[in-house]
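The values are calculated or read from the model by the stated rules, or taken from the named source; none is laboratory data. The shown structure was predicted, so the numbers you read here are calculated from the model rather than taken from an experiment. Please note: Cβ atoms are built from the backbone with ideal geometry, for glycine as well, and neighbour counts cover all protein chains shown. Heads up: the accessible areas ignore ligands, DNA and RNA and are worked out on the full protein's heavy atoms, side chains in. Shrake-Rupley method; radii C 1.70, N 1.55, O 1.52, S 1.80 Å.
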Amino acid sequence: MTDGKTADKPSSGLVPDPSTLLPPDEPIQILDDDGRINAVDGYPIDDLDDEDFRALYRHMVVARRIDKQAINLQRQGQLGVYASLLGQEAAQIGGAYALAPQDWVFPSYREMGTALVRGVNPGQMLHQWRGTWLSGYDPYEFRFGLLSIPIGTQALHGTGFAMAAKFDGSDAVVMAYFGDGATSEGDPHEGMNFAAVFEAPVVFFVQNNQYAISTPLSEQTKAPTIAHKAVGYGMPGLRCDGNDVLASYAVTKRAVERARSGEGPSLIEAVTYRMEAHTTADDPTRYRSGEEMEEWQRRDPIARFETFMKANGLLDDTIKTEIDNEVEKLARIMREEIYEAPHGDPMELFEHVYVDPGSMFDEQREMLRRELDAAAETPQES
Ligand SMILES: Cc1ncc(C[n+]2csc(CCOP(=O)(O)OP(=O)(O)O)c2C)c(N)n1
Ligand SMILES: [Mg+2]
């Protein structure tokens with residue numbers, strides 16, 4: 001290995017000029033609030049044609065409606081819990097649309113929209129929320145890793161995978177998704193640092209939805225923006241209006257192309273808002289105001305894109321029927337998968353954790369077994 005960029009050396013040794021890494025003053029926006037396209041230098045979308053616009057719209061609307069179905073399944077007692085993507089459709093769909101089939105996604109738990117773009121069966125995704133098993137799909141089939149519930153761990157998985165892809169000479173790019181809250185955790189820090197040093201082909205896609213459960217962004221970080229954190233790692237910080245599907249696409253495409261051409265990782269901050277509760281177990285009225293919700297409702301990602309679609313004659317009955325049919329099909333698949341699925345055995349928690357479990361682990365296992373036995377003997381209220 002002689003070019004200094006390959007496996008035997010971590011990096012090219014080039015130290016970037018920090019001013020080239022800074023995010024733009026304002027998040028990149030291509031589709032304005034009135035649904036008009038304003039071209040932005042360095043973020044072209046001329047590779048998108050009418051079919052792509054239709055596909056982006058269809059994915060967003062289907063994601064929203066499927067998400068609602070998942071919430072309903074939880075309310076019916078079919079799922080233990082579920083984390084909604086409502087409000088984050090543009091960030092997820094636009095970002096994922098910039099990926100190539102050979103690329104890999106390492107998702108957080110909120111990535112139903114990203115999963116749909118990758119072709120994952122949403123019914124199989126729900127097994128993790130039901131507790132049947134870790135997932136129902138084959139990650140290798142869709143190049144979509146398992147949903148990561150521990151915050152930010154997938155940043156490490158993504159970086160490791162990207163480093164391995166580079167060592168193998170593959171042209172695959174990895175997208176690791178996490179939230180604003182996760183940027184305060186150690187795992188994303190280590191993942192981003194390693195990725196920068198090893199010039200790994202990974203894009204860190206942060207959906208800044210303004211909250212980590214009840215903790216607002218203002219209590220999460222003193223950084224000017226999340227994208228500014230990239231400078232400290234030596235990678236570009238990009239920032240987009242995450243409620244603008246075209247900006248999410250163009251900004252991600254730029255980062256993906258950079259990674260694929262061997263120039264290393266980037267950090268994207270997609271500025272968006274979680275319109276639903278954190279999960280079905282949360283009550284957001286306890287920590288955010290109705291005015292704030294209304295303010296973000298006005299920036300609804302689907303409404304804005306719909307204005308663009310209508311203005312350009314792209315929204316006809318054919319696409320509406322296509323969407324209705326797809327939603328009906330996916331909702332049926334979700335119900336069929338989940339209604340018949342067994343509940344997982346809680347004792348499986350202890351399997352596949354340690355090669356050599358140790359005594360404390362054994363004690364915990366026995367404690368849970370005793371609790372389950374006691375619960376089984378206690379008559380249930382009907
Ligand atoms: C390591 C770890 N610590 C704490 C939690 C509990 N927890 C679940 S979600 C969450 C907030 C995450 O917020 P953010 O990263 O902004 O993602 P969002 O849920 O907003 O998409 C926390 C603290 C966890 N799952 N894992
Ligand atoms: Mg968040």
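Brief remarks follow.
- 222 nm mean residue ellipticity, helices alone, for the chain (DSSP H n ≥ 4; -39,500 (n - 2.57); rounded to 500): -13000 deg cm²/dmol
- Separation of the range 327-344 and the range 264-285, taken as the distance between their Cα centroids, equals 26 angstrom.
- Amide proton proximity set for Tyr177, modelled H, under 5 Å, gap of 5+: Phe106, Ser108, Phe205
- Close amide H partners of Gly344, meaning residues 5 or more places away or on another chain with modelled amide H under 5 Å apart, are Thr132.
- Top of Phe167, Phe308, Phe106 by mean-square fluctuation, Gaussian network on the chain, Cα under 10 Å: Phe167
- Note on the range 105-209: with neighbouring protein chains present and a 1.4 Å probe, carbon and sulfur make up 56 percent of its accessible heavy-atom surface.
- Net charge dipole size for the range 113-236 [Lys, Arg +1 and Asp, Glu -1 on Cβ; Debye, nearest 20]: 200
- In terms of its alpha-carbon gyration tensor, the range 40-130 comes out prolate; a/c meets the 1.5 threshold, and the first ratio a/b outweighs b/c.
- Note: relative contact order over the chain, using C-alpha pairs below 8 Å and six or more positions apart, is 24 percent.
- Dipole axis of the chain (+1 Lys, Arg; -1 Asp, Glu on Cβ), positive-most option in Met309, Leu349, Thr132: Met309
- Each residue of the range 171-182 is assigned a 3J(HN,Hα), and the resulting list reads 9, 6, 10, 10, 10, 10, 9, 7, x, 4, x, 5 Hz, derived from the Karplus form 6.51 cos²θ - 1.76 cosθ + 1.60 (θ = phi - 60°), x at Gly and Pro.
- Residue-span extension gain [Leu314 to Glu26] - 0.36 nm each, minus C-alpha spacing: 100.8 nm
- At most 16 other Cβ within 10 Å, DSSP loop - trypsin sites (Lys or Arg not before Pro), the range 244-289: Arg288
- If you model the chain as an ellipsoid using its alpha carbon gyration tensor, with each semi-axis the square root of five times an eigenvalue, the axes come out at 33, 29, 20 Å, biggest first.
- Listed pairs Lys229/Lys253; Lys68/Lys310; Lys166/Lys253; Lys222/Lys253 exceeding 22 Å between Cα atoms: Lys68/Lys310; Lys222/Lys253
- Per residue, in Å², the accessible surface of the chain once ligands and nucleic acids are set aside, probe 1.4 Å: 48
- Of the peptides 151-162, 44-55, the order by per-residue mean of other Cβ atoms within 10 Å, starting with the highest, comes out as 151-162, 44-55.
- Whole-Hz Karplus values for the range 87-98 come out as x, 9, 4, 5, 4, 5, 6, x, x, 5, 5, 7 Hz, taken residue by residue from phi with 6.51 cos²θ - 1.76 cosθ + 1.60 and θ = phi - 60°; glycine and proline positions read x.
- In the range 351-382, the GluC sites (Glu not before Pro) that fall in loop regions by DSSP, at most 16 other Cβ within 10 Å: Glu351, Glu381
- For the chain, a crude dipole built from +1 on the beta carbon of Lys and Arg and -1 on the beta carbon of Asp and Glu, taken about the Cα centre, is about 220 debye to the nearest 20.
- Modelled FRET efficiency - R0 22 Å, Leu48 with Arg332, Cβ distances, 0.05 increments: 0.10
- Residue-by-residue Karplus 3J(HN,Hα) for the range 36-45, coefficients 6.51, -1.76, 1.60, Hz, glycine and proline x: 9, 7, 10, 5, 10, 3, x, 10, x, 10
- Protection proxy ranking, peptides 184-191, 137-144, average beta carbon neighbours within 10 Å, highest first: 184-191, 137-144
- Judged by the ratio a/c of the largest to the smallest principal axis of the C-alpha gyration tensor, the range 269-357 counts as oblate, that ratio being 1.5 or greater while a/b is no larger than b/c.
- Taken along the Cα-to-beta-carbon direction at a fixed 7 Å, the label points for Thr378 and Ala39 span 6.7 nm.
- In this structure, the amide hydrogen of Cys240, modeled 1.01 Å from its nitrogen in the peptide plane, lies closer than 5 angstrom to those of Ile28, Glu269, Ala270, Val271, counting only residues at least 5 positions away or on a different chain.
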